[in-house]
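Nothing in this text is a laboratory measurement; each read-out follows from the coordinates by a stated rule. Keep in mind that this is a model prediction, so the values were computed, not measured. Neighbour counts run over all protein chains shown; Cβ positions are idealised from the backbone, glycine included.
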Amino acid sequence: MAETTEELSTMLGDLSRASERVGLKMNMDKTKVMVNIHVAPTPIKIGDSTLEVVDDYVYLGQTVQLGRSNFEKEINRRIRLGWAAFRKLHGIFSSNLPQCLKTKVYDQCVLPVMTYGSETWSLTMGLIRRLKVTQRAMEKAMLGVSLRDHIRNEVIRKRTKVTDIARRIAKLKWQWAGHIARRTDGRWGRKVLEWRPRTGRRSVGRPPTRWTDDLARVAGIRWMRDTQDRSLWRRLGEAYVQQWTSFG
């Protein structure tokens, strides 16, 4: 990360030379450049290679994107990958196996795909609703029913007994928030959490949802202090999970 393209070019050049000294080589095809609205997208050259400037990039299994819709593409990707995992296991879900075994397969092989990296998401009602709609469609496919059967969602859930996707996402994020806030080793996670953007005029329109917004709604603006009391944090976590599972 750098504040200017010149600084980034120098940093990447140093990294390339340091890598070569120990027998390694940067893969320029996989090295991309992303900029925010404060920096013009200027091409950067490393040796004979010009790095591509992109709007989004898959890094460590997650779509990284800057801007207000920074999780939109990742959610679309999670849903797409979730369906791919579900279809690969179609033979199991459409078989005569006991439902308890199908549920175990779903919770262990499909749900983790759909919720991978959800600890880092800025949660909104719209985001959670889309994932819940996808999960309901999978449950209906698992049971071999359709909308024309007019079976209530509550009845379908009693039959499948799968883990609610909103509950899983909320628990993962709450646990991760507590872990990051309690860190004292100076790692990036805590530093990024406490970072404040540069001063200046706020962009036009409604402010984008921040990662901490839903945490603060339950635990207050001093939620990081509450993480030090693990029993209190667990109790607050129950209310946090409830807010995401009580709708839709």
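With respect to the chain, whose longest principal axis is taken over its alpha-carbon atoms, helix 72-88 is tilted by about 50°.
Considering the dipole of segment 67-110 built from charges on the beta carbon (Lys and Arg +1, Asp and Glu -1) around the Cα centre, which of Val105, Phe71, Gly82 is farthest to its positive end? Positive-most Cα among the choices belongs to Phe71. One chain, two ends: Glu194 and Arg210. Fully extended at 0.36 nm per residue, the span grows by 4.5 nm beyond their Cα-Cα distance.
Based on the alpha-carbon gyration tensor of segment 136-198, what equivalent-ellipsoid semi-axes (square roots of 5 times the eigenvalues) come out, in whole Å, largest first? Don't skip to the end; give the middle numbers.
Working: eigenvalues 345, 30, 13 Å².
They are 42, 12, 8 Å, listed largest first.
In terms of packing, defined here as the mean over residues of other Cβ atoms within 10 angstrom, the peptides 6-18, 114-126 line up highest first as 114-126, 6-18. Quick check: the angle from helix 165-181's long axis to the longest principal axis of the chain, C-alpha only, nearest 10 degrees? On a 0 to 90 degree scale, this one is about 40. Hydrodynamic radius of segment 5-54 by the Kirkwood approach over all distinct alpha-carbon pairs: 11.5 Å. Using a cutoff of 8 angstrom between alpha carbon atoms and counting only pairs six or more residues apart, the relative contact order for segment 68-163 works out to 40 percent.
Principal axis extents of the Cα atoms in the chain, from largest to smallest and rounded to whole angstrom, are 61, 44, 39. Charging the Cβ of each Asp and Glu at -1 and of each Lys and Arg at +1, and nothing else, the dipole of segment 5-54 about its Cα centre rounds to 160 debye.
Peptides 43-56, 76-89, 143-156 ranked from most to least packed, by the mean per-residue count of other Cβ atoms within 10 Å: 76-89, 43-56, 143-156.
As a proxy for reagent exposure, ranking Asp29, Asp226 by other Cβ atoms within 10 Å from fewest up yields Asp29, Asp226.
Computing Rg and the Kirkwood Rh from the Cα coordinates of segment 68-163 gives a ratio, Rg/Rh, of 0.98. Counting only residues at least eight positions apart within a chain, or on another chain, the lysines with an alpha carbon under 29 Å from that of Lys32 are Lys45, Lys73, Lys173, Lys191.
If you average the sequence gap of Cα pairs under 8 Å that are 6 or more apart and divide by the length of the chain, what percent do you get for the contact order?
Working: 194 pairs, mean separation 37.6, N = 248.
With pairs under 8 Å counted, the relative contact order is 15 percent.
Straight-line cross-link reach from Lys25 at under 15 Å between alpha-carbon atoms covers these aspartates and glutamates, not counting any fewer than eight positions away in the same chain: Asp14, Asp48.
Fully extending the segment from Leu232 to Ala141 would add 28.8 nm, taking 0.36 nm per residue of separation and subtracting the current Cα-Cα distance. Around Ala141, under 12 Å between beta carbons, what's the net of Lys plus Arg minus Asp minus Glu among the other residues? The answer is +3. Cross-link partners of Lys171 among lysines, defined as those whose alpha carbon lies under 16 angstrom from its own and excluding same-chain residues fewer than eight positions apart: Lys132. Only one residue of Met142, Trp176, Gly117 has its Cα farthest out toward the positive end of the dipole of the chain, where Lys and Arg carry +1 and Asp and Glu -1 on Cβ, and that residue is Met142.
Rounded to the nearest 10 degrees, the inclination of helix 230-245 to the longest alpha-carbon principal axis of the chain is 70 degrees. Charges were assigned to the Cβ only: +1 to each Lys and Arg, -1 to each Asp and Glu. The resulting dipole of segment 1-152 about its Cα centre is roughly 1120 debye.
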